[in-house]
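Reviewing the structure listed below.
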Amino acid sequence: MGWAEWIAAQGYIAVAGILLLSNLGLPMPSVLTLILAGAAAHHGSLNWFVLLLVAAAAQEAGASTLFVLGRKTGWWLLGKLCRVSMDPETCIFRSADFFYKRGARTLLFARFIPGLASMAPPLAGSLNMRPARYLRYDILGVLLHVSLWTGIGYFLSPFIRAITDTLAVFGHVMLGLVVTVALGYFGTWIFTRVRDRKYRDVERVSADEVIARLENPDPTRPIVIADVRSHGYYDPGMQRIKNSIRVEPNRLLTELDALRETLATECDIYVYCSCLRDATSVRIAHTLAEHGHKARVVEGGLRSWLKLGAPTEPVPEDEMHHLPRFE
């Protein structure tokens with residue numbers, strides 16, 4: 001049985017399940033499902049108005065769940081949603097920047113932008129948007145999204161049917177799409193690995209080793225611990241390693257000029273971030289080495305430090321990158 005036939009046979013339950021999971025952040029074919037459900041409505045398998053209600057309710061249930069979790073967990077949830085990204089911190093930063101520049105109106109079209117659909121609801125929650133305002137914009141966005149794609153499926157049903165009849169089993173197309181996406185991701189992964197070969201000489205140390213150095217200081221080799229997290233300081237409750245300094249990775253050379261005395265060549269510099277594979281830390285350590293500074297990467301970043309229960313401190317208020325909050 002092809003995908004189109006399966007949607008028509010399973011009806012509203014299939015549509016609701018796929019859209020709910022998609023709006024909870026899972027990679028599901030939500031647009032294709034809506035188009036095929038619209039085509040099924042044209043042929044009488046589903047009622048189009050009931051389909052709109054079911055699809056909209058499922059999408060809103062998933063999105064509102066992320067909105068509530070965003071209010072309760074802040075940036076933690078965003079980090080989890082971005083973990084599948086090749087650069088999780090950039091994923092968070094760009095989504096937040098895009099969302100707040102455009103305000104609540106982002107919710108009207110977020111579902112039409114790949115990657116932003118699952119990020120907009122928890123962003124709205126973490127920025128303290130009032131639930132009534134969120135629902136007003138998001139429900140309208142859901143209705144636009146559902147109406148457009150089911151409408152396309154409904155009015156182009158003969159064309160869609162011709163394609164599925166020609167291919168016989170539409171599931172083969174889905175398999176092809178999945179394989180294409182997988183190959184694209186794998187290709188990107190290989191490209192990233194090859195590109196990062198220049199970082200293979202960057203030295204890594206465990207958080208235990210850094211703590212031991214702090215407990216047994218060498219007067220001839222002072223230690224500097226640098227926080228190089230690239231997504232900025234947004235969460236009001238954010239912590240950092242005690243006595244660490246902030247080095248903004250997106251303007252590193254400017255920062256080096258300002259911190260030239262602090263980052264003297266005789267210092268041992270330990271850099272840490274909170275991203276997958278310590279990507280930002282490795283890049284910064286490599287650049288520091290090119291400018292004559294010996295830098296090592298703290299493996300596991302802030303997470304490994306917290307697991308050991310090592311000392312931390314709140315990020316100073318004047319170093320916070322404040323996003324205006326919806327009040």
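The values are calculated or read from the model by the stated rules, or taken from the named source; none is laboratory data. In this text the structure is predicted, and so the values were computed from the model without any measurement. Note that we place each Cβ from the backbone using ideal geometry, even for glycine, and neighbour counts take in every protein chain shown. Just the protein is used for accessible areas: all its heavy atoms, side chains included, with ligands, DNA and RNA removed. Shrake-Rupley method; radii C 1.70, N 1.55, O 1.52, S 1.80 Å.
Across the stretch 50-64, what is the total count of residues that are closer than 20 Å to PRO158 by Cα and modelled with pLDDT of 90 or more?
Residues of the stretch 50-64 closer than 20 Å to PRO158 by Cα: 51.
Now narrow it down to the ones that are modelled with pLDDT of 90 or more: none.
Matching residues across the stretch 50-64 total 0.
Got at least one residue in the stretch 238-245 being in a helix (DSSP H, G or I), modelled with pLDDT of 65 or more and under 29 Å from the mean Cα position of the chain (by Cα)? So far as the stretch 238-245 goes, no, none of its residues is in a helix (DSSP H, G or I), modelled with pLDDT of 65 or more and under 29 Å from the mean Cα position of the chain (by Cα).
Being at pLDDT 70 or above, under 25 Å from ASP218 (Cα atoms) and open to solvent by less than 60 Å² (accessible area, probe 1.4 Å) narrows it down to one residue among VAL315, VAL298; which is it? Don't jump to the end; show me each part of the working.
Values: VAL315 fails: under 25 Å from ASP218 (Cα atoms).
Checking each option against the conditions leaves just VAL298.
So which helices (runs of 4 or more DSSP H) are wholly in the stretch 87-202 and hold at least 2 residues that are of a type in the set (A, V, I, L, M), loosely packed, with under 14 Cβ neighbours inside 10 Å and modelled with pLDDT of 70 or more? If you could, list the steps in order and put the result at the bottom.
Numbers: elements: 88-102, 106-109, 120-126, 131-155, 157-167, 171-195.
Qualifying helices (runs of 4 or more DSSP H): 131-155, 171-195.
Of everything in the stretch 14-59 that's assigned to a helix (DSSP H, G or I) and without any contact (Cβ under 8 Å) to a residue 12 or more places away in the chain, which residue is nearest to ARG111 (Cα to Cα)?
Residues of the stretch 14-59 assigned to a helix (DSSP H, G or I): 14-23, 30-42, 48-59.
Within this subset, residues satisfying the condition of being without any contact (Cβ under 8 Å) to a residue 12 or more places away in the chain are 49, 53.
On the way: PHE49: 21, LEU53: 17 Å.
This residue is LEU53.
If you check LEU78 against the conditions, is it within 22 Å of ARG133 (Cα to Cα), assigned to a helix (DSSP H, G or I), of a type in the set (A, V, I, L, M, F, W, C) and at pLDDT below 90? Criteria met by LEU78. For the stretch 247-288, the candidate set comprises residues that are under 20 Å from ASP218 (Cβ atoms) and surrounded by fewer than 20 Cβ atoms within 10 Å (Cβ to Cβ); within that set, the residue that is modelled with the highest pLDDT is ASP268.
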